[in-house]
Amino acid sequence: MGHTEKFYRNKGKQRPNQPQQTRAKARVAEEGSDQEEQVFAASCSVAKRKATKGWLIDSGCTNHMTPNTAIFKKIDRKFKTRVNVGNGHFIKAEGKGDVLIDTHTGTKLVSNVLLVPEIDGNLLSIAQLLEKGYSVVFKGKECLISDLNGSKLMSVIMANKSFIVDWSKGSDSAYTAIQYESKLWYKRPSHKFKAAAETETSCKLKTLRFDNGTEYTSSEFQKFCDETGIKHQLTNTYTPQQNGVSERKNRSLMDMARCLMFERNLPKTFWAEAVNTAVYLQNRLPTKALAQKTLFEAWFGFKPSLAHLRVFGCICYAHIHIVKRDKLAKKAQPGILVGYSSVKKGYRILDPLSNKVLMSRDVVFDEKSS
């Protein structure tokens, strides 16, 4: 693995005599209890410097690991295991959870990270990425990580014979690989939107006008336009007024989303749900451009119902079906209303404990609380 310095703190224990610079050798952990997960890591570190903020890409590490308790958003302290760092030496993993990472565009989440206090830096496990089907290729002095479709998600250049992801310097695309959710949203949805728009309106999509964002100037998107016969127009650089209608709509949506969050004192992590809700509401509000018609009515040909609308961000209680509980269990799941489902006739409810969104139509709302 090429590193030359130990990657753990030897708390008062003397290791056998050996040369100062030795080749690290990771070995599978010995048989343990039924609750003990078998993991191992490289017994080495970046030469004479700690990767406390960055994450060392490690091929000899079976799990993402960090010694920093403060960066965990949530952690299961009941999770215990041992980590084999080579030469028969074991160190303890004292928890497992989700880690918050500060990047140049905001705070991101990395899941399934082990808390290992005795290591000196953060380890990004190649094995954990490969388990999810991602491709990791070392080419020259560059490490490339690609998604399931072969699209590059992260590129890290070797420094001091190591590959370290520095999240604060724009390696933000790496977050996509860690979360296992590709943010290259413009590929498949472009085909879906075209099909849906043409089916619902009986009109052909003829022209698309965009700014010069890289997602719209890629060879793949141009190929999509060529294959479907769509005229692809771009605005001049720094001239948003050439696409004024959509630019103004973006501003209107962001203003509404900001108000929705401020009204209920919600954190910025709710921005995506707030924007989706803003779109949902504006499609159901009358506009002067359509002689006080709603966008919904202009598109579908009938007026929308507003009876189901509730206060964004309010406390609510989603009914738990009897097949999912016993007789003495609670009958409702508390949560926060974060929007309306686009695929079901129901509400989107955030469970603050699991940080997951569930959908339900049987919900009681407390709109005066937040």
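The values are calculated or read from the model by the stated rules, or taken from the named source; none is laboratory data. For clarity, every value in this text was computed on a predicted model and none was experimentally measured. Neighbour counts are summed over all protein chains in view; Cβ atoms, including those assigned to glycine, are modelled from backbone coordinates with ideal geometry.
Summary table below
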item	result
Qualifying position, being assigned by TED's automatic domain parsing to the domain that holds Lys345 and more than 30 Å from Val245 (Cβ to Cβ), among Tyr280, Tyr317	Tyr317
Among residues of the range 100-127, those that are crowded, with 21+ Cβ neighbours inside 10 Å and modelled with pLDDT under 85, counted	2
Unmet requirement for Cys203, which otherwise passes all of (1) loosely packed, with under 12 Cβ neighbours inside 10 Å; (2) assigned to a helix (DSSP H, G or I)	(2)
Search result, residues across the range 65-77 that are assigned to a strand (DSSP E or B) and under 14 Å from Val110 (Cβ atoms)	Met65, Thr66, Phe72, Lys73, Lys74, Ile75
Residue in the range 78-94 that is in a strand (DSSP E or B), closer than 21 Å to Ser354 by Cα and either assigned by TED's automatic domain parsing to the domain that holds Gln128 or touching a strand residue (DSSP E or B) at 6+ places or on another chain (Cβ under 6 Å) (or both) present	no
Checklist (1) closer than 27 Å to Lys344 by Cα; (2) acidic (Asp, Glu); (3) in contact with a helix residue (DSSP H, G or I) (Cβ under 9 Å, 6 or more places away or on another chain) applied to Glu247, failing item	(1)
Top-ranked residue in the range 77-99 [being among the aliphatic types (A, V, I, L, M) and in contact with a Leu (Cβ under 8 Å, 6 or more places away or on another chain); ranked as modelled with the highest pLDDT]	Ala93
Any hit, the range 348-359, residues being surrounded by fewer than 14 Cβ atoms within 10 Å (Cβ to Cβ) and at pLDDT 90 or above	no
Tyr186, sole failed condition from (1) modelled with pLDDT of 90 or more; (2) assigned to a loop (DSSP other than H, G, I, E, B)	(1)
Odd one out for Glu227, checked against (1) assigned to a helix (DSSP H, G or I); (2) surrounded by 11 or more Cβ atoms within 10 Å (Cβ to Cβ)	(2)
Qualifying residue in the range 80-92 (condition: in contact with a helix residue (DSSP H, G or I) (Cβ under 8 Å, 6 or more places away or on another chain) and either farther than 11 Å from Val116 by Cβ or surrounded by 19 or more Cβ atoms within 10 Å (Cβ to Cβ) (or both))	no
Test: Thr217 is touching a helix residue (DSSP H, G or I) at 6+ places or on another chain (Cβ under 8 Å) and free of Cβ contacts under 8 Å to residues at least 24 places away in the same chain	no
Residue list for the range 220-245, restricted to those being among the aliphatic types (A, V, I, L, M) and in contact (Cβ under 8 Å) with a residue 24 or more places away in the chain	Ile230, Leu234
The range 271-318: number of residues that are in contact (Cβ under 8 Å) with a residue 40 or more places away in the chain, hydrophobic (A, V, I, L, M, F, W, C) and over 18 Å from Glu367 (Cα atoms)	2
Unmet requirement for Arg284, which otherwise passes all of (1) under 17 Å from Gly213 (Cα atoms); (2) not polar (S, T, N, Q); (3) not in a helix (DSSP H, G or I)	(1)
Residue satisfying condition, being under 29 Å from Asn250 (Cα atoms), among the small types (Gly, Ala, Ser) and modelled with pLDDT of 95 or more, within set Ala298, Ala289, Ala278	Ala278
Members of the range 294-308 found to be assigned to a loop (DSSP other than H, G, I, E, B) and either touching a strand residue (DSSP E or B) at 6+ places or on another chain (Cβ under 8 Å) or charged (D, E, K, R) (or both), listed by number	Lys303, Pro304, His308
Within the range 316-363, tally of residues that are over 25 Å from the mean Cα position of the chain (by Cα) and in a strand (DSSP E or B)	6
Residues that are in contact with a Phe, Trp or Tyr (Cβ under 7 Å, 6 or more places away or on another chain) and buried (at least 19 other Cβ atoms within 10 Å of the Cβ), drawn from the range 316-332	Cys316
Scope the range 230-243; condition surrounded by 11 or more Cβ atoms within 10 Å (Cβ to Cβ) and not polar (S, T, N, Q); matching residues	Ile230, His232, Leu234, Pro240
Set Gly213, Gly170: member being modelled with pLDDT under 85 and outside the structural domain of Phe72 (by TED's automatic domain parsing)	Gly213
